[in-house]
Amino acid sequence: MDWAEQVRESAQRALPPVEGELSVPGLVDRVEVVRDRWGVPHVYTSNLTDLFLAQGFVVGSERLFQLDMILRAANGRLATMFGALVLPGDRFARLVGWNRAGARLAADYDEDSAMMTSAFRAGVRAWLEQMPAAPVEYQVLDLASEIPDDPAYWAAATAYLAWSLSGNADRELVRAEIADRLGADAVRDLFPQIPGVSGPLLPGGREAQASASEVLRSGPPKPPGLGSNNWVVSGSGTENGKPLLANDPHLGVTTPSIWIECHLSAPGYEASGVALPFAPGIVIGRTEHHAWGCTNVGGDTQDLYLEQLSEDGSAARYEDAWEPLTVHREELWVRGSDEPVILEVRETRHGPILDSYALGLGVPHVVEGGVRRPYALRWVGAEHALAPSTLLRMARATDFEGFRAAVRDWDSPGQNMVYADVDGTIGYQCTGRYPVRRSGDGTMPVPGWTGEHEWDGFIAFEDLPWAANPDSGFLATANNRIHDASYPHLIGHDWSPPSRIRRIGELLAESAPHSRETFAAMHADTVSIPARELALVLSDVEPVGEPQREAIGRFAGWDGDLAADSATACVFEVWCMHLAREILLPRLGQELFDHYYAHAPETGDWRSLVLPNLLAHPTADWFGADGVEARDVVLRRALDAALDELAERLGSDPSAWRWGALHHVEFAGPLAMIADLAPMFTAGVVETGGDDDTVNQGAFEPGNGYDAAVIASWRQIVDLAHPDTAIGVHTTGQSGHPSSAHWNDLVPMWANGAYHPLPFSRLAVDEAKRSSMTLVPG
């Protein structure tokens, strides 16, 4: 028997029992865990403490390695699992201080949050004590699990999640460098959504003269979490007269899925939907009375402050005084080492001083560089995040006003919440904390010593945008700007382009009256409005030679559908990428091009906002002195490069090209990097359409090819006519065990735009039941 076969046998031994009776320490009463045909646990208890303990027990049994890995990453301890290779990431985690944020968050938990998290941790520990074998990853790595019973350690994962959906520090740095190198006009060209850019962008003084190219290296590593869609239609616009609600949060590709489906039921709380593997409660889902879904607001919750330090680096100037720095001594442990690596984090009144940067969206990596200019980061999530008790209150709400009251403490990451209930109400509420700045708009680094750019509290919850039962009969968000020009407060400027929200609006108008089927078609939609509009420009390019003529001819009358089987989508995406290289690279240089475009968290701005404007106004700055003629030369040169690349990668017959042949989603666990084990730890590789401008999200990172890096991590459609009519699907499967039948059983369903039922009533759960287990006090 070879090694891979031995690993497969070990994986089989780690599968959790799903039938019979198990003794679980800490339980007060008996708990019933019913698993349906998709492996979703429906947990029934007589009290809340047992409910969340049982949730932790079940999650631990299915996702222990994933849970352990997330907690280590959040606390800067991933090198204890994977060694020195990941030490830069650990160093950055401690530098930014997710572990320190976790300690602050846990210390502020209210009684319900403390109860929920304590019970959840106890459930995971109870599984550890009686699991038949550790997940197979531990055998491969020759490693033991590390799950301490420390609320701060667990709360750090909440800060880590908030980080992935927060702020604009990376864009501040890019804009500063573009202005420093090319001037304010270039910033206006490349960030057209930012008003009133002017230079110089940093005030004078010895410290202010630092080149922002150095500061780019302090850009924080951001786990990809880019955007989402949600929409809700009132009963006046549906086939059955009751509201319909849809949501598809867009997150980075992970295996297992970042979500685990659960149905939790106890006196005082019942909710069904998806949970995070490190926290109790249902994050997105519904009750018998109402449903909710969320998208990231994308407000500006991060500011960079250029600090003036004393000669010995021990204090920072603030107005007319020198304030001593706070120094955090962080011990970074590396597997195989007997001594920790010591990191001293220097912190001003604004936050930690950064000195490393990250590149990459699909596979982010931290590069430690010698940044010698002191930029400190202030971030809302360092002190405020989501408390578990918020989820409890959301499910207990009896009307929209109660729901609004429940989410007022959803501090970070801020979310656009849509709501619908059985009484026919639909609603929207913006959540989160957004700083009130004394001056400035948060789009550029600012001096930290003047006192002019401090935060004077946060926008009051009562002043955040909200709506209920609008005359239009629907509400929708897609990370777009959520207010008009009359809104008096600054939430942010780095909104996602309006591409997806415009398309959602089109489909809501075209497909009425709505049903689960029309909503499912919207989730699967791959039409890009920017592609449709750019096609009008591209089809007017005068071709040179037959290959160009054939390629350009494809765009005449094209509807912009980036379907997986589309050859035109292939030409469009690759042409746009080469246009970026032709237009941007000569002026930006490779490093800044990588940060702005090739490894940027979002490239939709380029296709939907920047490129159309540059093509419509071909200035000498970007195309040369010959204006339109120079623009057309660049267009043809980029097209030739695109056609050469497509021929090399997909063959010489353009009719056989398919966007999906370039644009895959690979669901592979971290151990899939081991060649012999790759088949075992790869849950699936599927072709997909779309990009980050389409409702069916498929964002890719141009510097790393065309594989999708951000996708719809969960799709749900809730029909408020009956709680058992909801449908949903996440990406891979319920189980983190590669030998489980539920390791990757959802991949084909997700890839094909299909869903499974989400039974809620006890009758429906029993009809879908495939196993039942009783947990008894131990």
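The values are calculated or read from the model by the stated rules, or taken from the named source; none is laboratory data. Just so it is clear, the model here is predicted, and its values are computed rather than measured. Cβ: placed from backbone, ideal geometry, glycine included. Neighbour counts: every protein chain shown. Quick note on the areas: whole protein, heavy atoms, side chains included, nothing else; ligands and nucleic acids left out. Shrake-Rupley method; radii C 1.70, N 1.55, O 1.52, S 1.80 Å.
Checking every residue in region 456-464 against the condition of being touching a Pro at 6+ places or on another chain (Cβ under 9 Å), assigned to a helix (DSSP H, G or I) and not polar (S, T, N, Q) gives at least one match.
Exactly one residue out of 450, 425 is within 29 Å of the chain's Cα centre (by Cα) and either open to solvent by less than 40 Å² (accessible area, probe 1.4 Å) or farther than 30 Å from residue 716 by Cα (or both), and it is 425.
Quick grid of which residues meet (1) of a type in the set (A, V, I, L, M); (2) in contact with a Cys (Cβ under 6 Å, 6 or more places away or on another chain); (3) assigned to a helix (DSSP H, G or I):
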position	(1), (2), (3)
132	no, no, no
138	no, no, yes
145	no, no, no
149	no, no, no
159	yes, no, yes
163	no, no, yes
172	no, no, yes
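Within region 482-492, being touching a helix residue (DSSP H, G or I) at 6+ places or on another chain (Cβ under 9 Å) and either among the aliphatic types (A, V, I, L, M) or under 15 Å from residue 301 (Cα atoms) (or both) holds for one residue alone: 489. Of the residues making up region 109-123, at least one is open to solvent by 20 Å² or more (accessible area, probe 1.4 Å), in contact with a Gly (Cβ under 7 Å, 6 or more places away or on another chain) and in a helix (DSSP H, G or I). Pairing each residue of region 142-162 that is over 21 Å from residue 258 (Cα atoms) with any residue that is of a type in the set (D, E, K, R) and buried (at least 19 other Cβ atoms within 10 Å of the Cβ), provided the two are 6+ apart or on different chains, yields C-beta distances under 7 Å for 149/121. Against the list (1) more than 30 Å from residue 561 (Cβ to Cβ); (2) in contact with an Asp or Glu (Cβ under 7 Å, 6 or more places away or on another chain); (3) open to solvent by less than 30 Å² (accessible area, probe 1.4 Å), the condition residue 438 fails is (3). Residue 7 fulfils the conditions (1) assigned to a helix (DSSP H, G or I); (2) over 30 Å from residue 338 (Cβ atoms); (3) of a type in the set (A, V, I, L, M); (4) open to solvent by less than 10 Å² (accessible area, probe 1.4 Å) except for a single criterion, (2).
From the list 552, 583, exactly one residue is under 16 Å from residue 630 (Cα atoms) and assigned to a helix (DSSP H, G or I). Which is it? Please lay out each step first, then the result.
Values: 552 fails: under 16 Å from residue 630 (Cα atoms).
Testing whether each residue is under 16 Å from residue 630 (Cα atoms) and assigned to a helix (DSSP H, G or I) leaves just 583.
The residues of region 753-778 that are open to solvent by 10 Å² or more (accessible area, probe 1.4 Å), hydrophobic (A, V, I, L, M, F, W, C) and more than 31 Å from the chain's Cα centre (by Cα), listed by number, are 763, 764, 776. Scanning region 540-558 for residues that are under 19 Å from residue 573 (Cβ atoms) and either without any contact (Cβ under 8 Å) to a residue 40 or more places away in the chain or aromatic (Phe, Trp, Tyr) (or both) yields a count of 6.
Residue 96 fulfils the conditions (1) out of contact with any helix residue (DSSP H, G or I) (no Cβ under 6 Å at 6 or more places or on another chain); (2) open to solvent by 20 Å² or more (accessible area, probe 1.4 Å); (3) not charged (D, E, K, R) except for a single criterion, (2). Entry remark, region 253-265: residues being open to solvent by 10 Å² or more (accessible area, probe 1.4 Å) and either basic (Lys, Arg) or touching a helix residue (DSSP H, G or I) at 6+ places or on another chain (Cβ under 9 Å) (or both) number 5 in total. Only a single criterion out of (1) open to solvent by 30 Å² or more (accessible area, probe 1.4 Å); (2) in a strand (DSSP E or B); (3) of a type in the set (A, V, I, L, M, F, W, C) is not satisfied by residue 667, namely (1).
Have a look at 335, 329 and point out the one that is assigned to a strand (DSSP E or B), at pLDDT 95 or above, of a type outside the set (Ser, Thr, Tyr) and surrounded by fewer than 23 Cβ atoms within 10 Å (Cβ to Cβ). Break it down into steps so the answer makes sense when it comes.
Values: 335 fails: assigned to a strand (DSSP E or B).
None of the others qualify; the one that does is 329.
Being open to solvent by less than 30 Å² (accessible area, probe 1.4 Å) and more than 22 Å from residue 543 (Cβ to Cβ) is a property that does not hold for residue 625. Taken as a whole, the condition of being among the aliphatic types (A, V, I, L, M), in contact with a strand residue (DSSP E or B) (Cβ under 9 Å, 6 or more places away or on another chain), modelled with pLDDT of 95 or more and farther than 21 Å from residue 270 by Cα does not apply to residue 718.
Those residues that are open to solvent by 40 Å² or more (accessible area, probe 1.4 Å) and assigned to a helix (DSSP H, G or I), I need them from region 671-690; list them, please. Even if it seems obvious, please write down each step before you answer.
Initial filter on region 671-690 (open to solvent by 40 Å² or more (accessible area, probe 1.4 Å)): 673-676, 679, 685, 687.
If the condition is that a residue be open to solvent by 40 Å² or more (accessible area, probe 1.4 Å) and assigned to a helix (DSSP H, G or I), then 673, 675, 676, 679 are the ones that fit.
Within region 310-325, being farther than 29 Å from residue 494 by Cβ and either within 37 Å of the chain's Cα centre (by Cα) or touching a residue at least 40 places away in the same chain (Cβ under 8 Å) (or both) holds for 313, 314, 315, 317, 319, 323, 324, 325. Of all residues in region 526-570, those that are closer than 18 Å to residue 700 by Cα, open to solvent by less than 30 Å² (accessible area, probe 1.4 Å) and not aliphatic (A, V, I, L, M) total 7.
For (1) touching a Cys at 6+ places or on another chain (Cβ under 7 Å); (2) assigned to a loop (DSSP other than H, G, I, E, B); (3) under 15 Å from residue 61 (Cα atoms), each residue gets a yes or a no:
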residue: 15; (1), (2), (3): no, yes, yes
residue: 18; (1), (2), (3): no, yes, yes
residue: 27; (1), (2), (3): no, yes, no
residue: 34; (1), (2), (3): no, no, yes
residue: 42; (1), (2), (3): no, no, yes
residue: 46; (1), (2), (3): no, yes, no
residue: 50; (1), (2), (3): no, no, no
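Given 133, 155, 162, 144, which one is buried (at least 24 other Cβ atoms within 10 Å of the Cβ), of a type in the set (A, V, I, L, M) and over 17 Å from the mean Cα position of the chain (by Cα)?
Of 133, 155, 162, 144, the one residue that is buried (at least 24 other Cβ atoms within 10 Å of the Cβ), of a type in the set (A, V, I, L, M) and over 17 Å from the mean Cα position of the chain (by Cα) is 155.
Within region 723-752, residues that are under 26 Å from residue 515 (Cβ atoms) and without any contact (Cβ under 8 Å) to a residue 60 or more places away in the chain have Cβ atoms under 6 Å from residues that are among the aliphatic types (A, V, I, L, M) and open to solvent by 10 Å² or more (accessible area, probe 1.4 Å) in these pairs: 724/764; 729/749, counting only partners at least 6 apart in sequence or on another chain.
Could you tell me which of the residues 24, 59, 33 is open to solvent by less than 10 Å² (accessible area, probe 1.4 Å), within 23 Å of residue 81 (Cα to Cα) and β-branched (Val, Ile, Thr)?
So the residue among 24, 59, 33 that is open to solvent by less than 10 Å² (accessible area, probe 1.4 Å), within 23 Å of residue 81 (Cα to Cα) and β-branched (Val, Ile, Thr) is 59.
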